[in-house]
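Structure, as structure tokens:
The values are calculated or read from the model by the stated rules, or taken from the named source; none is laboratory data. None of the values given here were measured: they were computed from a predicted structure. So basically every Cβ, Gly included, is an ideal-geometry build from the backbone, and we count neighbours across all protein chains shown. Only protein heavy atoms, including side chains, enter the accessible area calculation; ligands, DNA and RNA are left aside. Shrake-Rupley method; radii C 1.70, N 1.55, O 1.52, S 1.80 Å.
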Amino acid sequence: MRFLSWLCKCLEKRLKRGGAASDDGCGDDANDGGDTWDLIFPLQTLQLATNFFSDLNQLGHGGFGPVFKGLMPNGQEVAVKKLSLASRQGIREFTNEVKLLLKLQHKNLVILLGCCAEGREKMLVYEYLPNKSLDHFLFDKRKSSSLDWTTRFRIITGVARGLLYLHEEAPERIIHRDIKASNILLDEKLNPKISDFGLARLFPGEDTHVQTFRISGTHGYMAPEYALRGYLSVKTDVFSYGVLVLEIVSGRKNHDKQLGAEKADLLNYAWTLYQGGKIMDLIDPTLGKYNGDEAAMCIQLGLLCCQASIIDRPDMNSVHLMLSSDSFTLPRPGKPGIQGRVGHWTTTTTSAFTNTTASSATKASGGSSFVEDYSRNSISTSSFDEGR
């Protein structure tokens with residue numbers, strides 16, 4: 001009840017200020033207002049809207065529960081994110097996502113419409129985006145033709161604008177921590193919106209980084225200094241964004257064993273092609289016509305974002321300038337950082353790291369664990385000195 005009471009106050013303040021952010025943290029007392037309850041959805045309303053969370057209405061499944069399409073009594077279509085009752089970490093992420101999204105307003109971020117918190121049931125209600133997520137198009141050869149080069153470049157720049165807002169323009173700096181294709185939703189015109197803020201981290205004041213032993217994210221997208229050492233900064237998102245850019249240009253996942261040992265790891269393969277002067281070989285062969293200069297620039301930008309050295313990675317302001325300027329000269333990228341080699345699991349890491357290798361991580365949804373071995377010598381010690 002304490003969370004629901006806090007949420008009502010926050011939603012009421014947001015409603016009164018027309019969606020603008022406030023620095024008060026929603027901690028002050030709020031006057032009762034009937035309109036507030038328009039943003040608190042009764043469980044029964046969401047049950048009816050989703051046909052009692054029918055499998056036919058399920059849009060997908062995130063790290064902390066399924067997402068369903070719903071039709072509200074007024075005819076509005078919504079997406080309902082239902083926290084899994086079996087999730088051990090979900091309530092923290094649920095509360096975190098509500099708090100963060102109440103502060104944010106940007107065309108490249110998904111819009112939170114409200115929530116439901118009745119008994120054990122916790123749900124978030126978002127605007128419905130008919131084209132689901134980027135991965136549904138990008139990694140399906142039957143649908144990828146819908147993503148011509150103009151659309152892909154628009155998605156690349158849109159995600160960059162969204163991250164720039166989070167890092168530099170939001171009321172408080174926010175690190176998303178889980179930028180990936182499945183967390184980029186597409187509207188009816190295939191414009192991108194960053195979603196799923198359950199793992200996001202708020203950085204109040206002038207803080208730029210933190211050391212943490214709670215590692216959460218998706219392998220293949222995680223920056224090495226974060227996966228190995230728990231060093232979290234805006235450059236963590238920059239690394240993930242770089243991997244995403246390479247996926248968008250190449251039309252393939254960041255790790256695909258079916259492509260053979262040489263091509264399996266996208267980042268390593270892109271780096272090999274770049275060193276050999278064959279970078280255009282990375283471009284999705286199903287694209288058809290495309291802007292060669294833009295495509296080459298995006299590949300180089302992706303590699304710049306994925307450099308092992310944190311200092312050498314551009315911040316999102318620089319990334320945005322590179323994408324929007326015709327005269328910007330990109331520097332040569334250095335060696336990319338190490339990627340996780342296992343799947344797309346949301347993980348929590350609590351073990352300490354030894355001087356040689358290794359981290360242990362646990363699947364969020366279950367109790368079984370897997371072990372990843374990395375060579376810490378592959379990352380320069382100086383790369384942990386953050387520079388903005």
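See the values below:
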read-out	value
The stretch 120-175 - percent of accessible surface contributed by carbon and sulfur, probe 1.4 Å	45
Residues His106 and Asp140, FRET efficiency given R0 of 22 Å [Cβ-Cβ distance, rounded to 0.05]	0.20
Cα→Cβ-extended label distance, 7 Å offset, between Glu172 and Leu43, nm	3.0
Label-point gap, in nm, between Leu85 and Gln58 - each point 7 angstrom along Cα→Cβ	1.6
Formal net charge of residues neighbouring Ser325 (Cβ-Cβ distance under 15 Å; K, R +1; D, E -1)	-2
Calculated FRET efficiency for the pair Asn191/Asn74, C-beta based, R₀ 35 Å, to 0.05	0.90
Point-to-point label distance, Asn96-Asp148, nm (Cα→Cβ direction, 7 Å offset)	4.0
Cα convex hull volume per residue for the stretch 92-205 (Å³)	105
Packing rank of 134-143, 235-244, 281-290, where each peptide gets the mean count of other beta carbons within 10 Å, highest leading	235-244, 134-143, 281-290
Cα principal axis extents for the stretch 252-313, largest first, Å	36, 29, 20
Mean-position separation - Cα centroids, the stretch 103-135 and the stretch 176-202, in angstrom	11
Theoretical gain in end-to-end length, Asn131 to Leu321 [0.36 nm per residue, Cα-Cα removed]	65.6 nm
